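The values are calculated or read from the model by the stated rules, or taken from the named source; none is laboratory data. Being a predicted model, the structure only gives us computed values, none of them experimental. Please note: Cβ atoms are built from the backbone with ideal geometry, for glycine as well, and neighbour counts cover all protein chains shown. When the accessible area is computed, the model is the full protein with side chains, heavy atoms only, and any ligands, DNA or RNA have been set aside. Shrake-Rupley method; radii C 1.70, N 1.55, O 1.52, S 1.80 Å.
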Amino acid sequence: MSNSRISSKKELPKAYIASEVEDELYVRWEKSGAFAPHGTGEPYAIMMPPPNVTGILHIGHVLEQALMDTKIRFERMRGKRALLLPGTDHAAVATQARVEKDLIAAGHANPRKEFGRDKLLEIIRKYAEKNKSTMLSQIRMLGTSCDWSRLAYTLDEKRSAAVVTMFKKMYDDGFIYRGYRVVNWSVVGQSTCSDDELVHIERKATVYTFKYSKDFPIPIATTRPETKLGDTAVAVHPDDKRYKQYVGNTFTVDVGAAKPLLLKVIADKAVDPKFGTGAVGVTPAHSMIDFELQEKHGLELIPVIGKDGKMTAEAGTAYAGLIAVEAREKFVAWLKKEKLLIKEEEISQNVATSDRFGDVIEALPMRQWFVAVQKEIPGRGKTLKDLMREAGEKIEIQPERYKKLYYQWIDNLRDWCISRQVWWGHRIPVWYRETNSKFQIPNSNADLYIDSNPPENNGWVQDPDTLDTWFSSGLWTFSTLGWPEKTDDLKTFYPTAWMTMGYEILFFWMARMILMSEYALKEIPFKQVYIHGILRDSEGKKFSKSLRNTIDPLVLTKKYGTDALRLALLAGNTPGNDSSFNEERVQHYQHFVNKLWNISRYVLMQIPDFKIVLKAPKPSTIADGWVLQQWSKTLAYVTNKLERAEFSQAATMLYTFTWEDLADWYIEVAKIESRQIIQEKKAKDAILQYILPQLLKALHPFIPFASEAIWGSLSSGELLISEQWPVAGKVGDVKGHDTFEEIKKKTTAIRQMRSEMKIPQHQKIDVKTGLPFVQYKAVVESLTNSTMTITDDVMPVVEAVSTLTDSKRKELEVYIKSIESKLANKEFTKKAPKSVVDAEKKKLADARAKLGR
RNA sequence: GGGAAUGUAGCUCAGUUGGUUAGAGCGUCACAUUGACAUUGAGAAGGUCAGAGGUUCGACUCCUCUCAUUCCCACCA
């Protein structure tokens with residue numbers, strides 16, 4: 001009775017059913033306090049890239065969660081004070097755009113007008129809260145071991161306070177300014193967007209070449225004739241002989257705008273004399289480039305298109321109120337009538353569209369808030385761009401090629417427009433003194449007050465705009481640690497250790513985190529960044545709702561287990577590269593998890609009184625020695641790969657060891673040998689009791705649930721999550737160059753020989769007397785042309801004589817000679833770094849060993 | 001226009017210091033089986049490692065060029 005009770009405690013069910021254990025295990029981990037950083041080890045923090053509340057987690061998030069969690073579990077087990085801090089992002093424009101789209105689809109033609117600010121915000125807030133709670137439960141489901149006590153949200157009270165503090169600091173230092181500049185305007189979204197929020201799409205357009213008037217000497221080419229109603233200059237290259245005579249002159253032309261246009265001919269090197277007519281009609285109000293020319297040359301600025309995408313009064317009575325396309329047709333018709341149109345041709349051109357609202361962006365001059373990136377910081381003599389560049393050198397980016405991209409982005413960076421005309425987000429903490437009941441936001445910056453609340457109860461009006469969502473995301477690495485307060489967390493964990501993100505938000509997010517962190521804390525936000533690729537479907541397409549190819553992670557985890565899903569995503573995924581997701585892989589890794597389960601099950605059946613062995617036991621057979629040696633190598637490799645965040649290689653190695661080395665080889669051989677070797681069963685048991693627990697530890701970062709579930713049957717003590725990372729036991733100096741393949745071949749050969757020689761399966765072989773073993777040994781030696789010895793101390797040694805072909809042998813001999821001559825060269829040994837010389841020596845030794853020397 | 005990545009078995013992908021016979025999963029074909037596991041085991045077929053040239057004793061790996069695919073940045077007004 002008591003026996004069966006004990007055995008039932010240890011016995012595992014026949015198959016691993018993930019869904020039956022996962023939830024319970026997560027709760028146990030959380031209750032144990034393992035998720036919170038503890039101990040006195042080196043601090044190691046990872047800030048979770050906060051998923052947007054625009055939706056719920058998709059398969060791409062699972063990859064990200066798996067990367068972070070694997071890393072943090074590993075570091076935690078190594079004794080670091082590990083913190084993975086969870087959170088979510090309000091995703092200002094994206095969320096509002098999403099909700100508005102739904103509302104419009106539900107019949108509310110103009111949600112902003114219909115509901116008003118407060119009501120619409122409430123609708124968005126509910127939507128966000130719903131997604132947020134779904135996402136948080138998804139994160140739990142994925143096994144992410146994050147510290148929930150530090151949960152953050154970009155729009156919560158603490159993060160909002162950080163935003164206000166940062167805004168104020170930057171304003172006081174002169175980095176945030178309010179300026180009248182040309183910005184990207186989405187007519188559909190009725191909001192600005194930053195340069196990075198544009199998506200360029202290629203489309204056909206017509207280039208019209210025309211003259212402003214019959215006597216105007218310079219022909220102009222344009223794809224947007226309607227904007228020409230607002231031209232204030234014509235720019236040519238300073239060296240262009242055709243037009244040099246006109247530079248400095250001002251022409252008056254009447255093209256039908258409200259007032260005749262005064263066109264100044266200016267010279268600027270930005271103009272390409274070889275392109276088009278070699279002259280540019282400068283429309284400062286509706287082109288970024290032209291706006292820069294305007295600033296440089298002090299030109300006039302005439303807005304002819306308004307926020308509604310329609311022509312303004314400035315465009316003249318003939319055009320005012322028309323949408324741009326209509327105005328274009330009308331203007332071209334007029335040009336034709338006046339015989340000013342020289343030619344029309346079709347070209348393909350890239351136009352900027354809003355990534356959230358989808359419409360073509362208008363460049364409009366507006367009064368907005370900006371972050372100055374080219375201005376020197378008082379006392380530091382550097383611009384924000386400089387800081388970002390310098391920080392780039394201190395941060396390790398994996399893969400390295402993204403660093404180049406980052407620098408390229410900095411070089412092209414213009415002042416960052418941070419104000420948005422949507423309502424969802426951090427409202428700009430700027431107050432204007434109310435002067436009368438018909439108050440309008442003033443153009444001047446006098447009487448501004450910056451804080452989350454006005455200085456007095458009455459008489460102040462807050463700026464209606466909100467901040468670009470990346471402003472708050474940029475603070476993420478430190479706002480989550482309590483900044484601006486000088487918290488212990490900030491002192492302990494900053495700069496954070498590691499961060500992962502997709503390459504598509506490199507500029508949006510990474511760059512801005514670096515900017516904000518360098519500016520506010522004079523520190524890099526993180527030491528290492530791991531850039532992951534995008535997961536695509538089996539046809540190589542992006543997952544998207546419109547393509548209806550999205551996969552619910554929940555369905556996959558229920559079907560195959562979270563561990564299988566995590567492993568499938570990590571194994572075979574390399575940093576920075578996209579990868580295709582296919583379900584077969586998940587299924588395969590489910591099989592793997594089950595295999596591990598059954599290995600453990602078998603081991604427990606063989607060893608009913610299983611006790612964890614900590615010290616590497618003494619091997620007594622070749623198989624023992626081999627498996628110990630192999631495990632030692634595997635563990636060292638895996639540890640190294642995890643340190644360097646090379647997850648795929650670590651996972652693959654563990655996979656191979658578990659399935660091939662341990663299950664297919666060692667345990668299979670053990671089955672045979674256990675029938676032969678009576679007195680060594682204890683030694684074999686000890687090896688399994690040593691390796692299996694270590695293997696579970698090493699696998700835990702990848703497959704936390706299954707490893708923990710099995711661990712529960714091996715040990716009645718601590719949870720696996722809190723165990724120490726194993727250290728490879730000392731193995732004897734192992735000579736020889738057997739690979740797994742070689743050993744496997746030998747084993748197969750032995751099996752064959754045994755059956756040919758009719759050595760009964762159950763014949764007992766006693767190692768100590770050596771008698772039957774001699775036969776065994778002889779068989780191996782004759783088959784593999786090797787000598788086999790078992791040493792007393794630690795490991796058995798198999799000294800394989802290489803079975804090289806003559807041609808290969810010759811090749812190697814030449815190779816050896818080449819290294820020898822290289823080493824004999826004094827120039828080389830003197831000038832080359834020591835590591836290189838040592839490497840050459842090692843190569844030589846290896847090559848010699850291969851030849852059996 | 002500038003830059004980057006990718007091209008390895010039918011499919012999805014590994015392969016970091018250049019070195020023995022280029023790997024895995026899935027798929028295909030045939031074989032085995034009764035107590036860990038059919039979510040199994042042992043095996044086979046399938047590759048001019050995109051192409052050409054170069055460096056080297058030796059190149060999937062390094063260099064150059066070409067082709068194909070994809071992406072990023074800038075933008076022509």
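Proximity of backbone amide H atoms, modeled 1.01 Å from N, is registered between A:Val183 and A:Leu364, A:Met366 at under 5 Å, excluding neighbours fewer than 5 places apart on the same chain. If R0 is 22 Å, the Cβ-Cβ spacing of A:Ala318 and A:Thr223 corresponds to a FRET efficiency of close to 0.60. Surface composition of the stretch A:283-377: carbon and sulfur atoms hold 48% of the protein heavy-atom accessible area at a 1.4 Å probe. Each part gets one Cα centre, and for the stretch A:181-226 versus the stretch A:555-630 those centres are 59 Å apart. Close amide H pairs (under 5 Å, H built 1.01 Å from N) link A:Phe581 with A:Arg536, A:Asp537, A:Ser538, residues at least 5 positions away or on another chain.
Out of every Cα-Cα pair that the stretch A:22-87 contains, those further apart than 16 angstrom amount to 54 percent. Taking 7 Å steps out from each Cα toward its Cβ at A:Ser444 and A:Ala105 produces label points 4.9 nm apart. Assuming a ≥ b ≥ c are the square roots of the Cα gyration tensor eigenvalues, decide whether the stretch A:356-414 counts as rounded (a/c under 1.5), prolate (otherwise, with a/b larger than b/c) or oblate. Note, shape of the stretch A:356-414 comes out oblate.
Kirkwood hydrodynamic radius of the stretch A:532-627, from the reciprocal of the average inverse Cα-Cα distance over all distinct pairs: 16.5 Å.
Phi angles of the stretch A:191-202 translate, via the Karplus equation with coefficients 6.51, -1.76, 1.60 and θ = phi - 60°, into HN-Hα couplings of 7, 6, 8, 7, 4, 6, 8, 9, 10, 8, 10, 8 Hz per residue; Gly and Pro are given as x.
Paramagnetic label reach from A:Thr574 (point 7 Å along Cα→Cβ; backbone nitrogen cut-off under 17 Å): within the stretch A:486-528, residues A:503. Accessible area per residue was computed with a 1.4 Å probe on protein heavy atoms; A:His61 scores about 40 Å².
Sorted on the mean count of surrounding Cβ atoms within 10 Å across their residues, most packed first, peptides A:561-574, A:194-207 read A:561-574, A:194-207. Proximity of backbone amide H atoms, modeled 1.01 Å from N, is registered between A:Thr88 and A:Ala152, A:Tyr153, A:Thr154 at under 5 Å, excluding neighbours fewer than 5 places apart on the same chain. Multiplying the residue separation of A:Lys559 and A:Glu504 by 0.36 nm and subtracting their alpha-carbon distance yields 16.8 nm.
In plain terms, if you count all Cα to Cα distances in the stretch A:1-136 and split them into 5 Å steps from zero, the share in each step is 2, 8, 12, 13, 13, 12, 10, 9, 8, 6, 3, 2, 1, 1, 0, 0 percent.
Which FRET efficiency value, to the nearest 0.05, is calculated for A:Asp23 and A:Lys307 with the Förster distance at 56 angstrom and r the Cβ-Cβ distance? So the FRET efficiency works out to roughly 0.65. Extension gain for the segment A:Ile551 to A:Asp173, taken as residue separation times 0.36 nm less the Cα-Cα distance, is 131.3 nm to one decimal. The residues of the stretch A:552-609 present an accessible area of 40 Å² per residue when probed at 1.4 Å with all protein chains retained.
The HN-Hα couplings worked out from phi for the stretch A:368-373 by the Karplus form 6.51 cos²θ - 1.76 cosθ + 1.60 (θ = phi - 60°) are 9, 8, 10, 9, 7, 9 Hz, whole numbers, x standing for Gly and Pro. Taking the 1.4 Å solvent-accessible surface of the stretch A:151-232 as the whole, the part contributed by carbon and sulfur is 51%. Evaluated with a Cβ-only charge set (Lys, Arg +1; Asp, Glu -1), the stretch A:88-137 carries a dipole of roughly 40 debye about its Cα centre, given to the nearest 20.
The mean accessible area for residues of the stretch A:200-267, using a 1.4 Å probe and ignoring ligands and nucleic acids, is 46 Å² per residue.
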